[in-house]
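The values are calculated or read from the model by the stated rules, or taken from the named source; none is laboratory data. Quick caveat: nothing in here was measured; it's all calculated off a predicted structure. Neighbour counts are summed over all protein chains in view; Cβ atoms, including those assigned to glycine, are modelled from backbone coordinates with ideal geometry. Areas reflect the complete protein model, heavy atoms only, side chains present, ligands, DNA and RNA absent. Shrake-Rupley method; radii C 1.70, N 1.55, O 1.52, S 1.80 Å.
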Amino acid sequence: MAAAIRQPGWYRGAIGLVLGAAFGFFLVVGLRLLSGLDAMQTEQTGYPQVIVPLITAPFGFLFGFGAFDYWFRWAAGKPTIPEDHSGHGATRWQDYFKFNTDHKVIGTQYVVTTLFFFLIGGLLALLMRAELAQPGAQIVAANTFNGLFSTHAVVMIFLFIIPVFAGLANYVLPLMIGAPDMAFPRLNALSFWLLPIAGIIFLASFLAPGGSFDAGWTGYAPLSTGAPLGQSFFNIGVQFAGASSIATALNFLVTIITMRAPGMNIWRMPLLVWANLSTSLLVVGATPFVAGAQFMVFFDRILGMNFFNFLEGGDVVSYQHIFWFYSHPAVYIMMLPGFGIISEIISTHARKPVFGYRLMALALIGIVVLSYSVWAHHMFVAGMFSWLRVPIMITTLLIAVPTGIKVFSWLGTLFYGKIHTYSTAMLFALAFIVTFTIGGISGVQLGMIPLDIHVSDTYFVVAHIHFVLFGGSVFTIFAGIYHWFPKMTGRMYDERLGRIHFWGTVIGTWMAFVPMHWVGMDGMPRRVADYASQYGDWNLLISVSAFVLGAVQLVFLYNMIVSWRFGPKAGNNPWRANSIEWHVSSPPPVFNFDEIPRVVGGPYEYGTPGARHVIMGGEESADVPEPKPTTVTAPS
Amino acid sequence: MTRLPIFKMVLAVIVVGLIQSVVLLQFNWFGQEASTAAKPIDTMMDVTIVLSSFIFAIVCVALGYALYKWRAKPGDESDGLPIHGNTKLEVIWTLIPVMIVLGLGGYSWAVLNDIEKTKADAIHVNAYAQQFAWTFGYPESGNKWSEGEIHVPVDRQIIFDLRAQDVIHSFWVPEWRMKKDAVPGLETDVVVTPNREGTFQLVCAELCGLGHTTMRAKVVVESQAEYDKWVAGLKSEVPEDLLLTPDQYIEKQKQLEEQSSGIEDSGVIETNKPNEQD
Ligand code: HEM
Ligand SMILES: [Cu+2]
């Protein structure tokens with residue numbers, strides 16, 4: 001037992017958690033008593049005795065859990081424990097619950113954890129849709145409702161979409177570029193463990209007096225600066241999620257820039273790598289702004305500062321500028337990795353090179369650059385300087401161009417291909433093209449100021465974000481999970497169940513989110529718990545469809561869990577794909593490659609006899625024949 | 001390499017696009033038009049609907065044709081043609097969209113200038129947003145005050161000066177199509193020329209707290225004579241506090257604070273709580 005407590009792990013983590021919380025609590029109480037104040041402070045924006053432990057407890061946990069052991073020993077000049085690789089790789093399920101430094105384990109941890117939060121966010125959404133099925137108040141009180149849509153959005157954005165992409169890329173990207181791991185494996189593990197912490201903080205806000213944070217995921221000041229305690233949970237949770245994101249982005253950048261296999265020059269990088277390079281450039285530049293915005297709100301709340309207090313010279317609108325300077329890039333942080341996934345899948349299953357590969361890569365970079373110049377399109381009616389509106393409108397509309405290039409190039413990739421649609425991954429990729437186009441079109445409409453003036457803050461915007469985020473991002477996430485499931489688990493999933501999930505999801509998405517455009521244009525504002533009875537029928541349809549959409553996700557979960565355990569063995573390369581990860585075993589060996597592979601051509605060399613992307617270690621020379629595809633376990 | 005049936009595909013795009021446009025144009029998406037801004041905005045929506053219909057048709061036809069033509073037979077393990085791109089095509093689908101969106105931008109700019117242009121004979125009405133109610137002042141009629149209900153004359157340009165002193169609210173009458181936030185510490189306004197008599201609803205469109213859902217007010221557009229009569233019949237005047245400009249308001253709060261600062265500091269950190277929630 002004593003040894004178990006000294007070892008990094010859950011015991012020590014639990015002790016660290018308690019000690020951290022106690023430290024924070026007694027620090028506040030002690031200092032307050034010393035200054036002659038009441039021990040506890042229970043103003044709604046205060047509660048330092050809760051807030052400070054909320055920050056110190058997670059650090060206590062991380063210390064105990066072993067996140068910092070190596071760095072501290074090293075910094076203190078102590079001999080570091082010789083690499084025994086015990087914290088690397090997974091042989092038993094318990095290894096997934098450790099501070100593990102293997103990028104493949106971390107990728108799996110990410111995907112499973114974020115899917116769990118997807119479920120929670122989905123349940124919150126269904127509660128909302130239950131309330132909105134009929135006009136009038138039925139199920140939840142108005143304050144609970146505001147809490148529901150706020151936590152729903154925050155969980156979906158910060159704990160599902162952004163990190164699930166980081167998880168998928170964590171798994172495949174090092175393999176794809178022929179690297180043995182990420183550049184900073186310990187930082188990588190730390191990034192992962194910050195996530196559940198953020199999630200627990202967000203959800204714990206429901207227990208706070210006054211309920212969970214309820215100023216929307218946008219948390220506009222001064223609504224947020226004066227809101228009850230739960231808002232501080234949001235301010236703090238974002239710091240953990242944001243730090244996780246930034247650390248991962250740095251890790252990806254260094255990994256992509258320095259660890260590519262010999263021969264992989266930038267024009268031989270698969271587009272998924274380009275996409276994550278672009279995403280990381282956005283994260284590194286933009287995420288500090290959301291962290292800053294939330295710190296400023298936090299300081300206004302608990303330290304009595306006045307960043308956004310107009311009575312003391314603060315500027316209310318500046319919150320929105322800072323927030324959107326992150327959050328517009330954030331919407332592309334939630335989309336670009338998906339673009340990468342779609343390029344891989346379409347090329348593989350159409351058996352054709354990606355059409356216009358270089359322009360595809362440049363379009364990603366174009367989106368990155370433009371993304372930093374469009375933030376104020378969320379503020380056309382916010383009362384900001386009116387001269388800023390037209391320039392921002394122009395850049396906003398221009399961002400549709402690189403987005404359009406991507407759509408046209410995917411279509412171009414299909415032409416003259418050999419399109420296989422047996423895989424659920426490909427079905428989602430094809431459906432993505434169509435559905436995302438709708439979201440892009442409504443985006444352009446929103447970018448046109450006169451139209452935005454009318455539909456801003458209505459259900460039309462809700463429709464737009466769900467077409468781009470559900471029909472866009474989530475479709476690509478499903479596509480990616482299905483595509484790499486065989487690689488990650490070594491087993492095939494059930495395509496029949498995949499199809500049920502696919503059709504249910506596509507139909508549910510369209511039925512639930514198309515009518516939202518209509519009620520929004522007709523005058524239904526967003527973020528309301530009740531609405532005029534004229535919108536009743538459409539809302540009923542939306543709610544029913546949302547429940548269908550929710551229900552078919554259970555098919556997905558069942559398929560994933562059962563196939564992971566009992567699915568037929570997958571073989572190395574069930575899709576006959578080209579990129580490097582498919583040339584190693586499924587799942588790949590702990591250190592990925594015995595010998596670093598050599599890249600000799602572009603990533604999408606389909607249809608050119610003899611052309612190759614990679615020569616794996618152990619193969620003698622360039623003229624070894626293309627390895628025969630192994631098992632293809634595909635129903636018709 | 002088989003030649004593409006370009007002509008048939010273009011035809012299909014035109015047919016599909018036309019059908020979509022015709023169907024979608026049947027609906028009055030934005031509801032009743034009750035201000036001079038409504039018509040140009042609704043026309044703009046129709047333009048984007050037609051344009052989008054054709055763009056969406058291109059995507060659908062291309063995808064449909066590809067799936068019809070190049071779906072692999074089961075067991076076919078061969079590859080597609082090794083086409084890596086086509087510079088001419090790529091330039092086309094970069095430049096044409098650039099021209100389209102720049103056109104849309106110019107069009108939007110023109111319409112924006114149009115709907116926001118103020119006239120010399122416009123009348124000013126103040127709209128005060130507070131959690132969770134609207135009140136209105138009529139500065140040109142001796143600062144008369146009405147709560148939860150606003151009357152305006154038809155066919156006169158009205159500049160609503162928006163004021164908020166707690167959190168952000170947003171002034172929106174869907175039938176007028178215009179919207180603008182009321183921001184604490186800022187003077188914002190929204191310009192509307194109602195051109196249809198009737199009763200409408202003013203909606204708060206920006207999340208403002210617990211009562212956001214029910215923060216509505218009644219809007220009555222009537223003839224100038226009826227409006228004059230209504231304003232004349234109003235009893236109360238706008239409370240003095242609401243009349244202050246943001247700067248004056250801040251000044252006044254400062255003075256109040258100075259007066260009260262004689263009181264012994266209670267030691268409780270004073271935080272600004274614009275929206276006491278319980
Ligand atoms: C063609 C490209 C796009 C354009 C021109 C565009 C334009 C816009 C505009 C103008 C708004 C503000 C609407 C308003 O609040 O009045 C908006 C909102 C939003 N967009 Fe997009 N968008 C595009 C693509 C995307 C993508 C790819 C995503 C994410 C995957 C996305 C996610 C969002 C979200 C989440 C909001 C709502 C934020 C909020 O207020 O809560 N958009 N978009
Ligand atoms: Cu944006």
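Counting only protein heavy atoms and a 1.4 Å probe, tell me what percentage of chain A's accessible area is made up of carbon and sulfur. Answer for chain A: carbon and sulfur cover 71 percent of the accessible area. Helix check for chain A. Which DSSP H runs span at least 30 Å along their own axis by Cα, with a mean Kyte-Doolittle hydropathy no less than -0.5? Counting only whole DSSP H runs, the qualifying helices are A:10-34, A:103-132, A:230-258, A:271-302, A:424-447, A:495-521, A:536-566. The charge dipole of the protein assembly as shown, taken about its Cα centre with unit charges on the Cβ of Lys, Arg, Asp and Glu (plus for the first two, minus for the last two), comes to roughly 3680 debye. Protection proxy ranking of A:583-591, A:68-76, A:196-204, by the mean of other Cβ atoms within 10 Å over each peptide's residues and highest first, is A:196-204, A:583-591, A:68-76.
The angle between the Cα long axis of helix B:38-70 and the longest principal axis of the Cα atoms of chain B comes to about 30 degrees, rounded to the nearest 10.
Rolling a 1.4 Å probe over the protein heavy atoms of the stretch B:123-245, with every protein chain left in place, gives an accessible area that is 46 percent carbon and sulfur.
Looking at the square roots a ≥ b ≥ c of the eigenvalues of the Cα gyration tensor of the protein assembly as shown, which shape do they give, rounded for a/c under 1.5, prolate if a/b is larger than b/c, or oblate? Because a/c hits 1.5 or more and a/b fails to exceed b/c, the protein assembly as shown counts as oblate.
In this structure, the amide hydrogen of A:Ala183, modeled 1.01 Å from its nitrogen in the peptide plane, lies closer than 5 angstrom to those of A:Thr255, counting only residues at least 5 positions away or on a different chain. Working note: Karplus 6.51/-1.76/1.60 with θ = phi - 60° gives the stretch B:235-249 the couplings 8, 8, 10, 4, x, 4, 4, 6, 6, 5, 6, x, 5, 5, 4 Hz, where Gly and Pro are set to x.
Take each residue of peptide B:184-193, count the partner chain Cβ atoms within 10 Å of its Cβ, and average: the result is 4. Under 1.5 on a/c is rounded, so check that first for the stretch A:169-234, then, if it is not, pick prolate when a/b is larger than b/c and oblate when it is not; a ≥ b ≥ c are the square roots of the alpha carbon gyration tensor eigenvalues. Here the stretch A:169-234 falls in the prolate category. In a simple Cβ point-charge model (Lys, Arg +1; Asp, Glu -1; nothing else charged), the stretch B:123-245 has a dipole of about 280 debye relative to its Cα centre. Using the 1.4 Å probe convention, the accessible area of the stretch A:2-71 works out to 52 Å² per residue with neighbouring protein chains retained. Electrostatic tally near A:Phe307: other residues with Cβ closer than 10 Å to its Cβ, Lys and Arg +1, Asp and Glu -1, net -3.
Based on protein heavy atoms only, the stretch A:449-573 ends up with 33 Å² per residue of surface accessible to a 1.4 Å probe. Per-residue ellipticity at 222 nm, computed for the protein assembly as shown from helices alone with -39500 (n - 2.57) per DSSP H run of at least four residues, works out to -18500 deg cm²/dmol. Pairs exceeding 24 Å between alpha-carbon atoms, taken from B:Lys144/B:Lys218; B:Lys179/B:Lys254; A:Lys98/A:Lys487; B:Lys119/B:Lys252; B:Lys117/B:Lys180: B:Lys179/B:Lys254; B:Lys119/B:Lys252. What shape does the stretch A:100-566 take by its C-alpha gyration tensor, where a ≥ b ≥ c are the square roots of the eigenvalues and a/c under 1.5 counts as rounded, a/b above b/c as prolate, and the rest as oblate? Verdict is rounded for the stretch A:100-566. Charge tally for A:Ser318 (other residues, Cβ to Cβ under 15 Å; Lys, Arg +1; Asp, Glu -1): -4. Dipole magnitude for the stretch A:100-566: about 1480 debye, using +1 per Lys or Arg Cβ and -1 per Asp or Glu Cβ, origin at the Cα centre. Against the longest alpha carbon principal axis of chain B, how many degrees, from 0 to 90 and to the nearest 10, is the axis of helix B:6-25 turned? Tilt relative to chain B: about 30 degrees. Amide H contacts for A:Val600 (H built 1.01 Å from N in the peptide plane; partners 5 or more residues away or on another chain; cut-off under 5 Å): A:Val614, A:Ile615. Chain B and chain A together bury an accessible surface of about 8500 square angstrom, both sides counted, with a 1.4 Å probe and no ligands or nucleic acids included. Residues of the stretch A:8-46 whose accessible area (probe 1.4 Å, heavy atoms of protein chains only) drops by at least 20 Å² once all protein chains are present, relative to their chain alone: A:Leu37, A:Gln41, A:Glu43, A:Gln44, A:Thr45.
Annotation: per residue accessible area for the stretch A:85-243 equals 26 Å², rounded to a whole number [probe 1.4 Å, protein chains only]. For the residues B:Val61, B:Val183, B:Val154, a GNM of chain B with alpha-carbon springs under 10 Å puts the largest fluctuation on B:Val61.
Each of B:Phe160, B:Phe136, B:Asn195 was scored by the projection of its Cα onto the charge dipole of the stretch B:123-245, and the greatest displacement toward the positive side belongs to B:Asn195; charges sit on the C-beta of Lys, Arg, Asp and Glu. Projecting the Cα positions of A:Phe59, A:Gly226, A:Gly338 onto the charge dipole of the protein assembly as shown (unit charges on Cβ atoms of Lys, Arg, Asp and Glu, taken about the Cα centre) puts A:Gly338 furthest along the positive direction. In chain B, if the dipole is taken from +1 on Lys/Arg beta carbons and -1 on Asp/Glu beta carbons about the Cα centre, which of B:Trp176, B:Leu186, B:Val219 is farthest to the positive end? About the Cα centre, the residue reaching furthest to the positive side is B:Trp176. Here the stretch B:123-245 carries DSSP beta bridges of which approximately 70% are antiparallel, counting only pairs with both residues inside. With Cα atoms defining each centre, the stretch A:583-614 and the stretch B:1-60 are spaced 45 Å apart in the structure. Per-peptide packing, taken as the mean over residues of other Cβ atoms within 10 Å, places A:485-493, A:306-314, B:92-100 in the sequence A:485-493, A:306-314, B:92-100 from highest down. Once the partner protein chains are put back, the stretch A:498-537 shows a loss of at least 20 square angstrom of accessible area, versus the chain by itself, at A:Trp518, A:Met521, A:Asp522, A:Gly523, A:Pro525, A:Arg527, A:Val528, A:Asp530 (probe 1.4 Å, ligands and nucleic acids excluded). Peptide B:90-97 has a mean of 6 when you count, residue by residue, the C-beta atoms of other protein chains within 10 Å of its C-beta. For the residues of A:55-64, the average number of beta carbons from a partner chain within 10 Å of their own beta carbon is 0.
Peptides A:180-191, B:102-113 ordered by packing proxy, namely the average of other Cβ atoms within 10 Å per residue, highest first: A:180-191, B:102-113.
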